[in-house]
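For reference, the structure is listed below as structure tokens.
Values in this text are rule-based calculations from the coordinates and carry no lab data. Note that the structure is predicted; figures quoted are calculated from it, not measured. Quick reminder, even Gly has a Cβ in these numbers, built from the backbone with ideal geometry, and neighbours come from all protein chains shown.
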């Protein structure tokens, strides 16, 4: 996989968001272990509250003999720092013990923050709907990071086609990659195709349906990808866990999945499968038919006063 500048991106990354269930030290240990088994792509963010520990792990990785140039490290600016993007990036670089980031993302497209541990009905009084001009002011700050040499590429996260179109029209530096929720029960086909058509590399989070996501992101209508009969059948043929099938599907689709795990057999097995196994064309076709439009990370806590419901955050949703 390559960015529009031609730089290769490892086709499987390790996510580091797991603070609801694991300590920062456990996640840092997973980064070291993942590098030992062959991972070179690590997805981080300031809001994950573990970048200092992950930074120590990355330092250990490079001191073990793995060149910094062989790593791909991503971080993100959180919603409450949209007006101070450069300061956010500089802090992430200090925490991660790095001179530059390979990719820096605007984590969410609006500056709506929320207190830690709030429930889905919480509404911050300062939350606002999406505003393109405000977003472009934030984007311009990420462009300065490229100009300063602090980041190699910039990108988006949690955007829709409706929001991406004016960004591509107005940006001086186009996004190299876009993170989006992507798994067999939520395939975002229009969004995915738009990214590919415009030379933006899709990076899929929650690739196995985020079974350990926070309680605030759960609703009674959520489906479970790894229990789908189509996924289970492919897993049985390959002799792997259904989670592996979800990751293989995304890789073969042309996306870069970033699953999270702190368990060495899981993340090592996932990487091995990506290198050694393939779904058949018939299985890929079957998986394309099980899309349920089931968004799991709905973003309830980012809503503003007067919003109808979480679908107001996602203007491409029906």
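Overview of results
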read-out	value
Distance from the range 238-317 to the range 173-232 (C-alpha centre basis), Å	4 Å
Cα Rg over Rh - the range 39-183, Kirkwood	0.98
Extension gain (nm, one decimal) between residue 70 and residue 132, 0.36 nm per residue minus Cα-Cα	18.8 nm
Structure-based [θ]222 nm, the chain - -39500 (n - 2.57) summed over DSSP H runs of at least 4, per residue, nearest 500	-11500 deg cm²/dmol
Most mobile listed residue (244, 161, 73) in the chain, GNM with C-alpha springs under 10 Å	161
Residue 59/residue 146 FRET efficiency (R0 22 Å; Cβ-Cβ; nearest 0.05)	0.35
Relative contact order %, the chain, counting alpha carbon pairs below 8 Å whose residues are six or more apart	20 percent
The range 1-66 - Rg over Rh from alpha carbon coordinates, Kirkwood radius	1.00
For the range 128-228: rounded, prolate or oblate by the Cα gyration tensor [a/c cutoff 1.5]	prolate
Residues in the range 231-245 reached by a label modelled at residue 272 [backbone nitrogen below 14 Å; 7 Å Cα→Cβ]	239-241, 244
FRET efficiency estimate (nearest 0.05) - Cβ-Cβ, residue 196 to residue 172, R0 22 angstrom	0.50
The range 14-313 - share of DSSP beta bridges that are antiparallel (%, nearest 5)	5 percent
Rg to Rh quotient for the range 14-313, alpha carbon positions, Kirkwood Rh	0.94
For the chain, built as a Gaussian network whose Cα springs stay under 10 Å, the top-fluctuating residue of 55, 83, 149	149
